[in-house]
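Have a look at the structure below, then the notes.
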Amino acid sequence: MKKGFIILDCAVLAAAAVLGSYYFRAARMRLDEPVFLTHYIESRQCSAGKTIALNYITNKDDDRSVISASFPECPELKFDIYGSDRNDRYLFHKTRNIYMQSKLEQSSALDETLLTTVHVKFSDGSEDDFDIGRILIENIPERHENVTSFRRGTGDNAGNSSETRNVLADCTLTGISSVFDENCGADISVTINGGEGSIPLSLHSGDTVTFDTTINISGPYVQNVYNIDKKLIFEDSSGNIYYDTLSNIEYTPEFSESAIRSFLKERGKVR
């Protein structure tokens, strides 16, 4: 009988130790506020209907929803807010998204603007400013003349995409550019027509041209979020310049429990 009590006491002590360890670690891992990932988003056309997703990590018991979000560096940008379709729960934290759909009129010109801060209001009445990396916003009212049109495209969450465009008029593809892929930790490569095309590339009315894109992320940047718009630059025989955009190049990290802890420690948010 005494032996049974000893075993029971040991079991209770072991359970208490495990429980105490959990609450101790939970206290050390608790966030004072949500932590946004570092985003590199390039949105060349940010008119009505364009959606931007911001990703953040918060405490597991944080059930607040986002009711509004705005960018202090560009107050003329207005957004509709949609709830997260992800609510991935981990031991101490969970990951969330804010989906923001632009309300900017298509005819409204917006010069290239760099955004680094988002102001968020939560459902409990609290609000704050958060660092969100670097988001480049621009809106150029659509021109009536185009030398290509979208035909089909595919993309996945790992940065692999393909887009095929119809050529509407004789022209030359003279360049492909973007802002962030040279300094944000992502190596973004584009091949044309399966690797058979190179710049400058002469194109003729009735042709199709296909762009395949891959992203390779260097180690320290694997928890960044990338959404890169590649600008295509065309020139016709008269020297007129035209622009189109590859806008389905995306990469969002997949977290694990250990990856979240490492990320938050690197950001100095937990011990």
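Rounded to the nearest angstrom and listed largest first, the equivalent-ellipsoid semi-axes of segment 220-271 from its Cα gyration tensor are 41, 10, 6.
Think of the chain as having a plus end and a minus end, set by charges on the Cβ of Lys, Arg, Asp and Glu; of Leu246, Gln101, Ser149, Gln101 sits farthest toward the positive end of this dipole. When the Cα atoms of the chain are aligned to their principal axes, the ranges along those axes come out at 98, 42, 27 Å in descending order. Normalising the average separation of contacting C-alpha pairs (under 8 angstrom, six or more residues apart) by the number of residues puts the relative contact order of the chain at 19 percent. Calculated accessible area for the chain comes out at 52 Å² per residue, all protein chains present (probe 1.4 Å; ligands, DNA, RNA ignored). In the chain, the longest principal axis of the Cα atoms and the axis of helix 2-29 are about 30 degrees apart.
Semi-axes of the equivalent ellipsoid for segment 168-271, computed as √(5λ) from the eigenvalues of its C-alpha gyration tensor and ordered from largest down, come to 38, 13, 10 Å.
Here the accessible area is traced with a 1.4 Å probe on the protein chains. For the chain, carbon and sulfur cover 49 percent of it. Using the structure shown, select from Lys103/Lys269; Lys94/Lys231; Lys78/Lys265; Lys50/Lys231; Lys78/Lys269; Lys60/Lys269 the pairs with a Cα to Cα distance greater than 23 angstrom. Cα-Cα > 23 Å for Lys103/Lys269; Lys94/Lys231; Lys78/Lys265; Lys78/Lys269; rest within. For segment 125-202, a crude dipole built from +1 on the beta carbon of Lys and Arg and -1 on the beta carbon of Asp and Glu, taken about the Cα centre, is about 540 debye to the nearest 20. Taken about its Cα centre, the chain carries a charge dipole of roughly 1720 debye when the Cβ of each Lys and Arg holds +1 and the Cβ of each Asp and Glu holds -1.
The values are calculated or read from the model by the stated rules, or taken from the named source; none is laboratory data. Every value quoted in this text rests on a predicted model; they were computed, and no experiment measured them. Backbone-built Cβ (ideal geometry, glycine too); neighbour counts: all protein chains shown. The accessibility values were calculated without ligands, DNA or RNA, using every heavy atom of the protein model including side chains. Shrake-Rupley method; radii C 1.70, N 1.55, O 1.52, S 1.80 Å.
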